[in-house]
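The values are calculated or read from the model by the stated rules, or taken from the named source; none is laboratory data. Nothing here was measured: the structure is a model prediction, and the numbers come from that model. Virtual Cβ from ideal backbone geometry, glycine too; neighbours counted across all protein chains shown. Surface accessibility is based on the protein's heavy atoms, side chains included, excluding ligands, DNA and RNA. Shrake-Rupley method; radii C 1.70, N 1.55, O 1.52, S 1.80 Å.
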Amino acid sequence: MLFKRVSILFLLSAFFITMAYFLKYTLISLMAAFLLAYLALPVVQRLEKYKISRNWAVTAALVVGVLSLMGLLWALGPLLIKQMQLFFGELPGLIDNVLEYLKEKLPLSQFPAIEHLSKQDVASFVRGHAKDFLKDNINDGFGEFVLDVKTNLFILLQLVINVFLTPLLFYYVLENLESIYKEFKSWIPKSWK
């Protein structure tokens, strides 16, 4: 009897973990919608006290949230771009520091081929092996094209899910948050309350 319960529990766990893996982007959007709805609920409740209908209050919270996010990105966007440019400008120096650190800490005398490597040598080595890897694994230009299209379609799907699905879920969750809460609460056994 115990073996049967453990087996069923294991199979159900495996099923839910597999489904969570395949639905991870949708679940991320759903969790983001719940988090945003939880944060916006006091605003919606305050607007309802002023005799504004729940639909209009949720719409106002959504519009204010989207405009705030756009304003934040507009304000911080140039700063982030500048920081990325500075980082990539200092990256060769950082690579030199890492190489110097490795030369100090590792006994490179045992590896004479590595001792005299420069950044250009490392870069050409990586480029050469990357080309060999692509030649071995993608035999023709069509395979590379299909790989690029498949990757781009996957990125586009993620963008659609995150940009469009999250606000829709946010609106639905915020509009029905009390009924969702009551439904979840009804699932809890009375002995646990």
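Structural remarks
- Lys82 meets each of the listed conditions (1) of a type in the set (Lys, Arg); (2) modelled with pLDDT under 80; (3) surrounded by 10 or more Cβ atoms within 10 Å (Cβ to Cβ) apart from (2).
- The single residue among Ser7, Ser29 that is small (Gly, Ala, Ser) and either open to solvent by 60 Å² or more (accessible area, probe 1.4 Å) or farther than 30 Å from Val163 by Cα (or both) turns out to be Ser7.
- Sole exception among (1) loosely packed, with under 10 Cβ neighbours inside 10 Å; (2) of a type in the set (Ser, Thr, Tyr); (3) modelled with pLDDT of 80 or more for Ser109, by number: (3)
- Taking residues in the range 169-193 that are at pLDDT 85 or above, and partners anywhere that are of a type in the set (Asp, Glu) and in a helix (DSSP H, G or I), not one pair has Cβ atoms closer than 7 Å while being at least 6 places apart or on different chains.
- In the range 10-25, residue most open to solvent (accessible area, probe 1.4 Å) [restricted to those that are closer than 23 Å to Phe154 by Cβ and of a type in the set (A, V, I, L, M)]: Ile17
- Test for Leu41: is it within 30 Å of Leu157 (Cα to Cα) and among the hydrophobic types (A, V, I, L, M, F, W, C): yes
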